[in-house]
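Reviewing the structure listed below.
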Amino acid sequence: MQARVKWVEGLSLLGESSSGHQIMMDGNAGDKAPSPMEMVLMAAGGCSTIDVVSILQKGRYDVIDCEVKLTSRRREEAPRLFTHINLHFIVTGKDLTDKAVERAVMLSAEKYCSVSLMLGKSVEITHSFEIKDVG
């Protein structure tokens, strides 16, 4: 996998993935686009959401929606590393069980989500979830 990041102006950057997709980033506290650290946080959420939805669907659960709300803490001094990240999943579907959703979240956390597993080497990562049953 390769990528490219090009400085545009000020602290604005244009990232381009090896698959040809582009995304803006902004080092000025996310003034014009997400900051690189916001991108890392969203990457963890995206990776784990893909896992949770895929695992539930493979288990033949009727998933209608899945959202993950990420909260984090960072060091006050430079480097401003993440010290804690919580991923709170809100899974909406029919006849979802706590056991099935908990299993999907744990499999993502412990086995499948490359981003969270990588971050977990230096960041405390916790998970929680809630189910919205649409009957």
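The values are calculated or read from the model by the stated rules, or taken from the named source; none is laboratory data. This is a predicted model, so every value here is computed, not measured. Glycine also receives a Cβ, built like all others from the backbone with ideal geometry; neighbour counts cover every protein chain displayed. Ligands, DNA and RNA are stripped out before the accessible areas are found, and what is left, the full protein with its side chains, is counted by its heavy atoms. Shrake-Rupley method; radii C 1.70, N 1.55, O 1.52, S 1.80 Å.
If you take every DSSP beta bridge fully contained in the chain, what fraction is antiparallel? Give it as a percent rounded to 5.
Working: 23 of 33 bridges.
Just about 70 percent of them are antiparallel.
Between L81 and E110, with labels modelled 7 Å along Cα→Cβ, what's the label distance in nm to one decimal, could you check?
2.5 nm
What percentage of the solvent-accessible surface of region 40-118, computed with a 1.4 Å probe over protein heavy atoms, is contributed by carbon and sulfur atoms? Could the numbers behind the result be given before it?
Values: 2450 of 4620 Å².
Exposed carbon and sulfur together represent 53 percent of the surface.
What is the helix-to-structure angle for 36-58, meaning the angle in degrees between its Cα long axis and the longest Cα principal axis of the chain, kept from 0 to 90 and rounded to the nearest 10?
Helix 36-58 sits at roughly 20 degrees to that axis.
Straight-line reach from K94: which aspartates and glutamates fall under 13 Å, measuring Cα to Cα and dropping same-chain residues less than 8 apart?
Within the straight-line limit of under 13 Å, K94 reaches these aspartates and glutamates: D62, D65, D133.
Using the Cα centre of the chain as the reference point, and only Cβ charges (+1 on K/R, -1 on D/E), how large is the resulting charge dipole? Debye, rounded to the nearest 20. Walk me through the numbers on the way to the answer.
On the way: 16 positive and 18 negative charges, 67 e Å.
The calculation lands at about 320 debye.
Answer with a single label: of [x] 43; [y] 77; [z] 53, which was calculated as percent of Cα pairs over 20 Å apart from the structure in view?
The value matching this structure is [z].
For region 18-120, state which chymotrypsin sites (Phe, Trp or Tyr not before Pro) are in a DSSP loop and have at most 15 other beta carbons lying within 10 Å of their beta carbon.
Numbers: sites: Y61, F82, F89, Y112; in loops: Y61.
Loop-located and lightly packed - none at all.
Within region 94-114, find all residues whose amide N lies under 20 Å from a label point positioned 7 Å from the Cα of L70 along Cα-to-beta-carbon.
In region 94-114, the label zone of L70 (backbone N under 20 Å from the point 7 Å along Cα→Cβ) covers 104-114.
With all protein chains present and a 1.4 Å probe, how do C66, C113 order by accessible area, largest first?
Listed by decreasing accessible area, they come as C66, C113.
Beyond a 23 Å Cα-Cα separation, which of these cross-linked pairs lie in this structure: K6/K69; K69/K99; K32/K111; K32/K121?
Values: K6/K69 29 Å; K69/K99 20 Å; K32/K111 35 Å; K32/K121 31 Å.
As for pairs spanning more than 23 Å Cα to Cα, those are K6/K69; K32/K111; K32/K121.
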